[in-house]
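Have a look at the structure below, then the notes.
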Amino acid sequence: MLGRRGALRFLALPPYVWLGLFFVLPLILIVAISFRPETGPINFDDPWAPTLVQYQRVWETESYLRLLGVSVLMALVVAGAATLLAYPVAYFLAFRARDRAVFYLVLLLIPFAASYLLKIMAWRLMLGQEGAINSFLQYIGLTAEPLDLLLYSRAAVIIALIYVWIPFAALPIYAAMQRINRGHQEAAADLGAGPWSRFWRITVPLSLPGALAAFFMVFIPTVGEYVTPSLVGGTEGFMYGNLIQDFFTSAANWAQGSALAVIMLVVTLVLVIVALRVVDVRRLSS
């Protein structure tokens with residue numbers, strides 16, 4: 001008979017195996033490929049001679065680094081906007097929905113059932129020159145002609161990504177608000193604190209860990225996004241993820257694409273670690 005600790009290890013074994021096979025192992029392969037000198041598809045029968053030539057090419061190509069900076073900046077904007085817009089949604093579900101909270105939560109989760117590609121294509125139609133947004137702006141007289149910047153631009157990519165990420169960002173914030181002790185707010189009300197005072201001094205600090213989790217949950221995948229820029233961004237909305245995709249597909253340069261991917265991963269991890277060092281969640285939520 002397995003003991004309690006043995007049973008826990010046995011139950012944890014399948015997730016660890018799955019994580020190792022489909023996350024750790026591919027990551028190791030990407031890192032290994034990035035040190036190969038070849039410029040075309042990798043033939044794993046060839047001898048492996050580690051070299052930094054791929055990273056040197058990235059460092060010497062200013063446009064690659066500039067595009068990475070632009071993608072990081074866009075990811076910051078998307079993550080910040082999605083978190084701010086998701087916060088009222090989570091607050092409503094946690095404190096105002098009451099008996100209908102489950103119903104509204106189901107409504108929030110409905111977009112998850114729709115295809116990601118379908119939602120992005122819908123935004124492509126809405127942002128087009130004859131789309132709903134341009135038609136509405138012309139109808140109310142704000143614009144005389146359709147706005148070109150609404151489609152095939154970085155603005156279009158940002159708008160579409162914010163929409164896609166709002167339901168995801170609302171969930172960790174809602175979970176954090178669910179853990180807030182209602183007694184704190186009742187005690188503050190008894191001491192004379194108004195609604196806004198209770199919100200800023202109790203709700204915001206105690207829900208900050210959920211808001212930070214939502215921010216990073218949006219920021220990390222957005223840095224390497226390539227589907228949305230391809231569909232609604234065009235050449236003007238090109239992001240770093242599109243560059244990596246091109247090296248693995250059109251250019252068939254797996255080694256260079258792997259080096260670009262590793263650099264993106266390292267930069268993202270460094271930014272997250274620095275942010276967590278600067279923002280002391282425990283101090284702000286205390």
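Values in this text are rule-based calculations from the coordinates and carry no lab data. Note that the structure is a prediction, hence the values are computed from the model and not measured. Reconstructed Cβ throughout: ideal geometry from the backbone, glycine too, with neighbour counts over all protein chains shown.
Structural remarks
- Scalar couplings 3J(HN,Hα) for the stretch 192-197, obtained by applying the Karplus form with A = 6.51, B = -1.76, C = 1.60 to θ = phi - 60°, are x, 6, x, x, 5, 5 Hz; x denotes Gly and Pro.
- Working note: Debye formula, equal point scatterers on the alpha-carbon atoms of the stretch 221-279, no solvent; log10 I(q)/I(0) at q = 0.20, 0.26 Å⁻¹ is -0.77, -1.01.
- Cβ-Cβ FRET estimate between A187 and F95, R0 fixed at 25 Å, reported to 0.05: 0.95
- Based on DSSP H segments of at least four residues, each scored -39500 (n - 2.57), the chain has a per-residue ellipticity at 222 nm of -21500 deg cm²/dmol.
- For the chain, the normalised intensity computed at q = 0.07 Å⁻¹ comes to -0.38 (log10 of I(q)/I(0), Debye sum over alpha carbons, equal scatterers, no solvent).
- Selection of GluC sites (Glu not before Pro), the stretch 185-286, meeting DSSP coil and at most 15 other Cβ within 10 Å: E236
- Kyte-Doolittle at least 0.5, axis length at least 30 Å by Cα - qualifying DSSP helices, the chain: 62-91, 154-178, 254-278
- Dipole axis of the chain (+1 Lys, Arg; -1 Asp, Glu on Cβ), positive-most option in G192, A170, V157: G192
- Modelled FRET efficiency - R0 30 Å, L118 with L269, Cβ distances, 0.05 increments: 0.40
- Its residue count N fixes a reference of 2.2 N^0.38 Å for the stretch 169-252, and the Cα radius of gyration divided by that reference is 1.76.
- 17 Å cut-off, amide nitrogen to a point 7 angstrom out along A144 Cα→Cβ, residues in the stretch 111-131: none
- Label-to-label distance, nm, for residues given as L85 and R179 (7 Å Cα→Cβ offset): 2.7
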